[in-house]
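All remarks here apply to the structure that follows.
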Amino acid sequence: MKKLNVALVLLVATVICGTTAWGADGAKAKLSVFNNQSQIAQGVLEAITDDFRKANPNIEVDFQSYGKDYESMMKIKMASNDLPDVFSTHGWAVARYDEYLADLSKEAWASRVQGSIRDVITDKSGKLCVLPMDLDITGMTYNKDIFKQYGLKVPTTFKELLAVCEAIKTKSGGKITPLHYGGGDSWPIGGYYDFNSTAYYVSSPAHNYSAQLLDGSFDWTKYDEISKNLLLLKEKQYLNKDILTAKYTDSVEALAKGTAAIGGCYGAYIITEIKKINPDFHAGMMPIPAYWDGDKPTFIGGERTTWGVWKDSKYVDAAKKYVAFFAQTPNLKKVSEANGIPAGLDGVVSNLGDLTEDYTTYKSAKIFPYFDRALLPNGMWDVMCKNGQDLLAGGITPKDFSDNMKKEYLRLRNAK
Amino acid sequence: MIKNILKASGLVVIGLLYTIPLYVLATMSVKASSLGTSLWAPPTALYLTNFRNAWTSAHLSRALVNNALITAISLVLIVFVGSLASYPLARRQTKLNGFVSALLVSCMVVPPLAVLVPLYKFIVDIHGMNTYWAIILILVTFQLPLCVYLYTNFIKTIPRELDEAARIDGCNSATLFFRIVFPLLKPITSSIVILCGILIWNDYQFSVFFLQKKDVQTIAVSLSQFVSQYQNDINLVAAGCLIGIFPMTAVYLGLQKYFIKGLADGAVKG
Amino acid sequence: MHSRNSRPGRPGSRIKKLKASVAAGSVNVMYLPALAFVSVFIFYPFFRGIYISFTNWNGYSSSFRFVGFEQYLTMFGDKNVLNTIVNTFIYGLGSTFFQTVFGLALALFLDGNRRIKSVVRTVVYLPVIISPLIMGYIWYFFFRYNGGAVNDILALFAKEPVDWFANGRRSVWIIMLVNSYQFVGVSMVMFLAGLQSIPPSYHEAAVIDGASPFKRFRFVTVPLLVPAFASSVIFNTIGGMKLFDVIVATTDGGPGYASQSLSTMMYDLYFSKQNAGYAAALGILMFAIIVILSVMLLEFFKRKRVDL
């Protein structure tokens, strides 16, 4: 028995010693940085991080990139109040991460934050939550050459969009998919709902239900229409055949090879990826067509590439230093150009390539915040994505879709 | 004669069925791009850059060391704690021990996801994030039920007279266990090492949450991040996957006799 | 505590002493470390999970409230839960069926000492050691719509490409088959071991009695393979019911919720739907289903068991 006791003591000792030997931190500041950017932007962020490491040898940076696991990871981290020192907030700086973020309004760069985004990333108490490296302006990215070839004009209404799709389908003899969605990844389907919801239920003064959506009185039967039109697009064969299994990367490939004309809900970030496959691609960006008569097309905007600092970080100063490094003009320029959208701070002149023209053309178009972030309770995004897939797969009807939206909407509202 | 031909072709068909996925993976991994070519088409040239890129981008050298370290220490602990626990459970079949045994074995059916979030919170509280010891303790725990189950059943097949003879020679429980019983457990121990070794080596469900720093990440975690990052370059992804399965495959092919025998012993005795 | 020094005395009395000491239970100390492990890392979080299932916790915020049995009641009216349970059974029992049937067939076919047979055995067992996640990625390359290996074959016969994972029911079956394919080697090895443990004399005796090959299989081989059947069925059922990695790598539970298992649904509820309370309740349900199923199977095989 004695030997056994000795063995047990040894076991316990190993575990405890292990704790101190492996878990100890050195004197150096060690930053843990999490981001969920797409491949190209990620590369740029990592390159800038490398420069930062060189400039600050006493700060160690552990730079981590996550794909679709990012949100799950962050939720567990929030649940256990153990966040990375610096992290991307992917559109949720205020709505989800506010209570975990340090105030950045005292930073030297804070005064340069562009006016249009300042409100989006400032919470009720006036706290500046993140560094906005760029400004999201998202519509639908399309292939300008195909439009030129068939003599098509950019559609401004849903009816015009249907006509454009019909023209592309017939003129190409079915070879070119008018609208491409990487629905297998589910978020592009969510994109369809999110972007079009603004046109259906917000942007037209006669059909603006913002107040009802916020106070909970929205009549969800109205939501059938957006689903019915998704099925209409499918029925008319304007969507890619493999919409239920194609990934985002398949959309990139289809657009690059010219087998698809319009990227259903992809912003400028997709262009850099398309050009990696086809450098001669001529990209255009159109606003989301209006749905109601008399309304104008809209862009969707908000935060995109951001850095927030965890307020309870052991190394808040080092973290702020890291963020300030990204706020330097040349670095912001790199990030904004990688995503093909304007920089988030004043005084940065980015070369936005193909889109420079479009940004000028649509200068007066109205930019709305993401529908789900602004008007729905936190957690509805996934409901739109998954139910949208279900709808396209024939599992549910537009009415079921609306019912499911209503159910989850009420649950999430009450959970608050 | 016809029977033999049928048999031979049967063998070939089965063999092919099980090599095809690896063939496709291998051809994909040595092609520069798969645009326009069939996955079945043999490569026209060997494009080995994929392997080098995958090796560095997925941080596989570090991951390999981590995997080896985590698997080795976990296995030692599993064998030690598991065999130790099984001895009284097999030998002393009281009501209490029957209950303990059932309790331990029933853990086999606890879905890992059902405990993930509370477990995560707990690991953070005890400062176990991104440490080897935390993931090792968790992996050991979730393999223990199977291990105890196999050991208990195996010990039951060892004649009691052996213990009793040893006792008469003056051994106490611990000496008896380590000197007499444990050496007899060799066959089942090798089964357990192989079975649990595979599961721990390939673990993804736990590692992805508890190993969030590159320094400590294992192959499955590094690779899944790599795949989501380079999804549009399936040839590069294939190269990464191929490297990922290589170490285990090499060990398996080298020691296949023990693998199959070990598993068989575990299955039948269990 | 037992003395290490041997004392004089009759062997008979020592045996009595030994029996007394084992009966005294001090030997039970040996399982305390194992109990400690599972208590800390399984029981504690498991019971916390039960606690969470009675709340409406969203999975990360610090505030939540108790909702009693509400989560459990919602479960009964939830169409997705029903469909997911059906899927989970297809994954669990379907894989078990295929693995057991094909595992047995492969074992019978590949039993023997010929070199070629041992090579094929090695190859069939190979996927077992490959990470299910990577296996899922490989099969995803096969069933892709664009440039997938299976559609390439259809193209050879001038057939239209099929979007394999676009149909939920079909996806479920494909995933089940992928899982069976990967782990059929486990069952095969179990049956091979079972076959090799049957003394040749049993078969010889049956031959002398004039039994046909089928009768020998039915009345000699099968009854003696009961332990192998039991292992194959129980291990594969539990493994299949917990299926996760392959689904994540192929359909991610889609389209919609059509190919979800209870594991992926829980994951989705926890992390995407912010419905940790519901996810926890589902975890309890899944636990209950697996426990009941395992107990039933164990009882079934206990009765069938024939000792050599």
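The values are calculated or read from the model by the stated rules, or taken from the named source; none is laboratory data. What you see is a predicted model, and the numbers here were worked out from it, not measured in a lab. Here the Cβ is made from the backbone with ideal geometry for all residues, glycine too, and neighbour counts use every protein chain on show. Note: accessible area is taken over every heavy atom of the protein model, side chains too, but ligands, DNA and RNA are not part of it. Shrake-Rupley method; radii C 1.70, N 1.55, O 1.52, S 1.80 Å.
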So in the stretch B:21-38, with the set limited to residues that are of a type in the set (A, V, I, L, M, F, W, C) and open to solvent by 50 Å² or more (accessible area, probe 1.4 Å), which one is farthest from the other protein chains (Cβ to nearest Cβ)?
B:Ala32
Tell me, which helices (runs of 4 or more DSSP H) lie completely within the stretch B:189-255 with 1 or more residues that are touching a His at 6+ places or on another chain (Cβ under 7 Å)?
B:219-229
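Residue-wise test of (1) within 21 Å of C:Gly239 (Cα to Cα); (2) in contact (Cβ under 8 Å) with a residue 40 or more places away in the chain; (3) more than 10 Å from chain C (Cβ to nearest Cβ); (4) of a type in the set (Val, Ile, Thr).
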position	(1), (2), (3), (4)
B:Ile123	no, yes, no, yes
B:His127	no, no, yes, no
B:Asn130	no, yes, yes, no
B:Pro145	yes, yes, no, no
B:Lys156	no, yes, yes, no
B:Asp163	no, yes, no, no
B:Ile168	no, no, no, yes
B:Ala174	no, no, no, no
Residues that are of a type in the set (D, E, K, R), under 25 Å from the mean Cα position of the chain (by Cα) and within 14 Å of chain B (Cβ to nearest Cβ): find the helices (runs of 4 or more DSSP H) completely inside the stretch A:65-180 holding 1 or more of those.
A:70-79
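Just for the stretch A:366-387: of the residues that are of a type outside the set (S, T, N, Q) and farther than 16 Å from A:Thr198 by Cβ, which one is surrounded by the most Cβ atoms within 10 Å (Cβ to Cβ)?
A:Lys386
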Starting from residues that are open to solvent by less than 30 Å² (accessible area, probe 1.4 Å) and more than 14 Å from chain A (Cβ to nearest Cβ), keep the ones in the stretch C:137-167 and report whichever is nearest to B:Asp203 (Cα to Cα).
C:Ile138
Could you count how many residues in the stretch A:388-402 are open to solvent by 10 Å² or more (accessible area, probe 1.4 Å) and either more than 8 Å from chain C (Cβ to nearest Cβ) or outside any loop (DSSP other than H, G, I, E, B) (or both)?
6
Looking at (1) away from chain C (no Cβ under 11 Å); (2) open to solvent by 50 Å² or more (accessible area, probe 1.4 Å), which one does B:Thr189 not meet, given that it meets all the others?
(2)
Condition (residue is of a type outside the set (Phe, Trp, Tyr), crowded, with 18+ Cβ neighbours inside 10 Å and in contact with a Cys (Cβ under 7 Å, 6 or more places away or on another chain)) applied to the stretch A:225-239: is it met by at least one residue?
no
Which ones in the stretch B:102-112 are buried (at least 19 other Cβ atoms within 10 Å of the Cβ) and free of Cβ contacts under 8 Å to residues at least 40 places away in the same chain?
B:Cys107, B:Val109, B:Val110, B:Pro111
Test A:Ser364 against the stated conditions and say whether it is among the hydroxyl-bearing types (Ser, Thr, Tyr) and not in a helix (DSSP H, G or I).
yes
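Let's see how each residue does on (1) open to solvent by 40 Å² or more (accessible area, probe 1.4 Å); (2) in a helix (DSSP H, G or I); (3) of a type in the set (Val, Ile, Thr):
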residue: B:Asn53; (1), (2), (3): yes, yes, no
residue: B:Leu89; (1), (2), (3): no, yes, no
residue: B:Val100; (1), (2), (3): no, yes, yes
residue: B:Ala114; (1), (2), (3): no, yes, no
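Residues are listed down the side, and each one gets a yes or a no for (1) more than 8 Å from chain B (Cβ to nearest Cβ); (2) open to solvent by less than 10 Å² (accessible area, probe 1.4 Å):
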| site | (1), (2) |
| --- | --- |
| C:Val81 | yes, yes |
| C:Ile85 | yes, no |
| C:Phe89 | yes, no |
| C:Phe97 | yes, no |
| C:Leu104 | yes, no |
| C:Val123 | no, no |
| C:Leu126 | no, no |
| C:Pro132 | no, no |
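Condition check ((1) of a type in the set (Phe, Trp, Tyr); (2) touching a residue at least 60 places away in the same chain (Cβ under 8 Å)) across all residues:
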position	(1), (2)
C:Leu192	no, yes
C:Pro199	no, yes
C:Tyr202	yes, no
C:Ser212	no, no
Consider C:Gly277 carefully, then state whether it is open to solvent by less than 30 Å² (accessible area, probe 1.4 Å), part of a loop (DSSP other than H, G, I, E, B), at pLDDT 85 or above and within 30 Å of C:Arg169 (Cα to Cα).
no
State all residues of the stretch C:59-92 that are in a loop (DSSP other than H, G, I, E, B) and out of contact with any helix residue (DSSP H, G or I) (no Cβ under 6 Å at 6 or more places or on another chain); if no residue qualifies, say none.
C:Ser61, C:Ser62, C:Ser63, C:Phe64, C:Arg65, C:Val67, C:Gly68, C:Phe69, C:Gly77, C:Asp78
Of the criteria (1) closer than 30 Å to B:Asn153 by Cα; (2) within 14 Å of chain A (Cβ to nearest Cβ), which one B:Asn235 fails
(1)
Result of the Cβ filter at 7 Å on the stretch C:54-81, keeping first residues that are closer than 15 Å to A:Leu412 by Cα and partners that are exposed (fewer than 14 other Cβ atoms within 10 Å of the Cβ) and hydrophobic (A, V, I, L, M, F, W, C), at least 6 apart or interchain, is C:Thr55/C:Phe66
Of all helices (runs of 4 or more DSSP H) fully inside the stretch A:206-282, the set with 2 or more residues that are more than 13 Å from every other protein chain (Cβ to nearest Cβ) and in contact with a helix residue (DSSP H, G or I) (Cβ under 8 Å, 6 or more places away or on another chain) is A:210-215, A:224-235, A:269-277
